1. Out of all the residues in the stretch 174-184, is one or more closer than 17 Å to residue 267 by Cα, assigned to a strand (DSSP E or B) and in contact (Cβ under 8 Å) with a residue 12 or more places away in the chain?
2. Can you tell me which residue within the stretch 89-134, out of those that are in a loop (DSSP other than H, G, I, E, B) and of a type in the set (Val, Ile, Thr), is farthest from residue 45 (Cα to Cα)?
3. All but one of (1) touching a Gly at 6+ places or on another chain (Cβ under 6 Å); (2) at pLDDT 95 or above; (3) under 23 Å from residue 94 (Cβ atoms) hold for residue 174; state the number of the condition that does not hold.
4. Do we find a residue being touching a helix residue (DSSP H, G or I) at 6+ places or on another chain (Cβ under 6 Å) and of a type in the set (S, T, N, Q) anywhere in the stretch 261-274?
5. Which numbered condition trips up residue 101, out of (1) more than 19 Å from residue 167 (Cα to Cα); (2) in contact (Cβ under 8 Å) with a residue 60 or more places away in the chain; (3) crowded, with 20+ Cβ neighbours inside 10 Å?
6. Please find, among 290, 269, the residue that is in contact (Cβ under 8 Å) with a residue 60 or more places away in the chain, buried (at least 22 other Cβ atoms within 10 Å of the Cβ) and touching a strand residue (DSSP E or B) at 6+ places or on another chain (Cβ under 8 Å).
7. Restricted to the stretch 177-220, and to residues that are of a type in the set (A, V, I, L, M) and surrounded by fewer than 24 Cβ atoms within 10 Å (Cβ to Cβ), which residue is modelled with the lowest pLDDT?
8. Yes or no: residue 310 crowded, with 21+ Cβ neighbours inside 10 Å and of a type outside the set (Asp, Glu)?
Amino acid sequence: MKQGWFYSLGLALSLVGAPSAGWAANCGDTTGAGGTRVACACGDTVTTNTKLKNTDPVVSTSLADTCSGDGLAIGVSNVTLDCAKFALRGDNTSASDGVIVSDTDGVTVKRCTISRFETGIAVEYSTEFTIDNNTVQDNSEGVIVESGLVSSGDFGTIQNNTVQNSEVGIGLSETSSNTVKNNKVSNTFVGVAIVGDNVSQANVVTNNQVEDSVLGIAVVGGAQQNTIADNRAKNNSIGVLVGFGSPLDGSDNNVVAGNRADQNGAGILIFTNTNLVDANLGSSNEFDGLAVVDGTGNSVSNDVFNNNGGHGVCAEPGNLNAGGNAAHGNLTPPDVTFAGGCAAF
């Protein structure tokens, strides 16, 4: 994924792409003649189930030991790359990927430690992939998935990863029916992003911990019918954001449920229409705990936000108080209001 799949312009997220480069050679545990092992070097394509060894040239043994371009590619289906916790390091040049999975089904990438590439792990036009238990840090972008406007469901899983010090931690663009779960993301511009143009649908983001970022979790750009549930967002400028600035963003009909948002600038902000916002809680956010700042037809229920700098729960007229919302100790009265006056910042 060249030149970066996501970049920020203020709070906007955009997609930039270019073709993948050619690869140097095939490698893997049973790639050679008679099923012998071929060591993996920078730029190689993994063609069989492979567990890296410290003797593989792609493995970085010091900060100065880097790939000048890409790390490894996987271009065949039903292959597992196990990095065995060894490091793949780029040299901070642009247009490079640590691991790229392209046009495949059933690929697994696990236990990789990837740093200093443009994109740590890139998945494009692939289905039923698993990105598991990797450490992805100090890249421009961490784990990025994209399938394009014809995506009919990718059914991938991104789980148990640690992603930090990147512009985008985990990004889904024009991809559907993926699960992002049990990841720890910190020190990013946006921790977990779903961007969609009405293509990114039925993705589930659950049980992730997102901290110390500008946007903790963001659903923007026409991403619809996604579920953001049971995540922890702490110490971000915005904990959870649905819609970029106005209902025209089109990120409607999402579910935001069971999340905890503490010590953010704003806890949870909703700008779009007909979302279900249920059973979220949080405290000690600088502004409103939960604010439906714009949009109509949102159903807000069973949310509890205490001791925030603005309202606890606030919604503009035209949205439904479906009951069970509660708050106390917030600095702006009333604690719960559906009469407007929400303070996003």
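The values are calculated or read from the model by the stated rules, or taken from the named source; none is laboratory data. Source: prediction; values computed, not measured. Every residue, glycine among them, receives a Cβ derived from its backbone with ideal geometry; neighbour counts consider all protein chains shown.
1. no
2. Initial filter on the stretch 89-134 (in a loop (DSSP other than H, G, I, E, B)): 91-96, 103-104, 106-107, 111-112, 116-118, 125-126, 128-129, 133-134.
Then keep just the ones that are of a type in the set (Val, Ile, Thr); that gives 93, 104, 107.
Numbers: 93: 20, 104: 13, 107: 13 Å.
Per the stated criteria, the residue is 93.
3. (2)
4. Yes, some residue in the stretch 261-274 is touching a helix residue (DSSP H, G or I) at 6+ places or on another chain (Cβ under 6 Å) and of a type in the set (S, T, N, Q).
5. (2)
6. 269
7. Among those that are of a type in the set (A, V, I, L, M) and surrounded by fewer than 24 Cβ atoms within 10 Å (Cβ to Cβ), it is 199.
8. Yes, satisfied.
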